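A.B. asks: Have a look at this one.
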Amino acid sequence: MGKTRSSALIQIMQIEDEIKRVINGKEYINIRQYVQVLKDLSGNAILQVENPDDMGKMVRLRKNSEEAKKYLVKYEAMLNEFDVQLLNLRKRKQDLNSELFGKRN
């Protein structure tokens, strides 16, 4: 019993580290920022964001252009992938906590 409890605790800590790594990762932060910038209606009419197909390559585009809308859709899809990954990690952590400490009301 002691081994399974300690391995569950280790897994929980590893999951927490993975969640922190994803949330604090440069790619996740940049994608969230670009989604926010592309959705924001105030500010400059010309935006400078990374090309979602070639991260690292900066492009300039008009805020309400069709290209900006396409970029927003791509960035939202990328952000959704991260959100699904985070959701799965949090679910796994919650399951381990329930297994370890029992269900809470």
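The values are calculated or read from the model by the stated rules, or taken from the named source; none is laboratory data. From a predicted model like this one, the values you see are computed outputs, not experimental measurements. All Cβ positions, glycine included, derive from the backbone under ideal geometry; neighbour counts span all protein chains shown.
A.B. asks: Would you please list the contacts, defined by Cβ atoms under 7 Å and residues six or more apart or on different chains, that run from a residue in segment 3-23 that is polar (S, T, N, Q) to a residue that is part of a helix (DSSP H, G or I)?
C.D. replies: From residues that are polar (S, T, N, Q), the pairs are Gln11/Leu96.
A.B. asks: Condition first: among the acidic types (Asp, Glu), out of contact with any Phe, Trp or Tyr (no Cβ under 8 Å at 6 or more places or on another chain) and free of Cβ contacts under 8 Å to residues at least 40 places away in the same chain. Now tell me which residues in segment 30-84 satisfy that.
C.D. replies: Matches in segment 30-84: Asp40, Asp53, Asp54, Glu66, Glu67, Glu81, Asp83.
A.B. asks: What is the residue count in segment 1-58 for residues that are modelled with pLDDT of 95 or more, among the β-branched types (Val, Ile, Thr) and under 20 Å from Leu100 (Cα atoms)?
C.D. replies: 2
A.B. asks: Residues that are basic (Lys, Arg), part of a loop (DSSP other than H, G, I, E, B) and farther than 21 Å from Leu9 by Cβ: does segment 84-103 have at least one?
C.D. replies: No, there is no match, as no residue in segment 84-103 is basic (Lys, Arg), part of a loop (DSSP other than H, G, I, E, B) and farther than 21 Å from Leu9 by Cβ.
A.B. asks: Applying the selection to segment 37-53, what residues are within 16 Å of Lys70 (Cβ to Cβ) and hydrophobic (A, V, I, L, M, F, W, C)?
C.D. replies: Val37, Leu38, Leu47, Val49
A.B. asks: Take Ile31 and decide whether it is more than 17 Å from the chain's Cα centre (by Cα) and surrounded by 15 or more Cβ atoms within 10 Å (Cβ to Cβ). Let's see the steps before the verdict.
C.D. replies: Working: more than 17 Å from the chain's Cα centre (by Cα): no; surrounded by 15 or more Cβ atoms within 10 Å (Cβ to Cβ): yes.
When the stated conditions are applied, Ile31 does not pass them.
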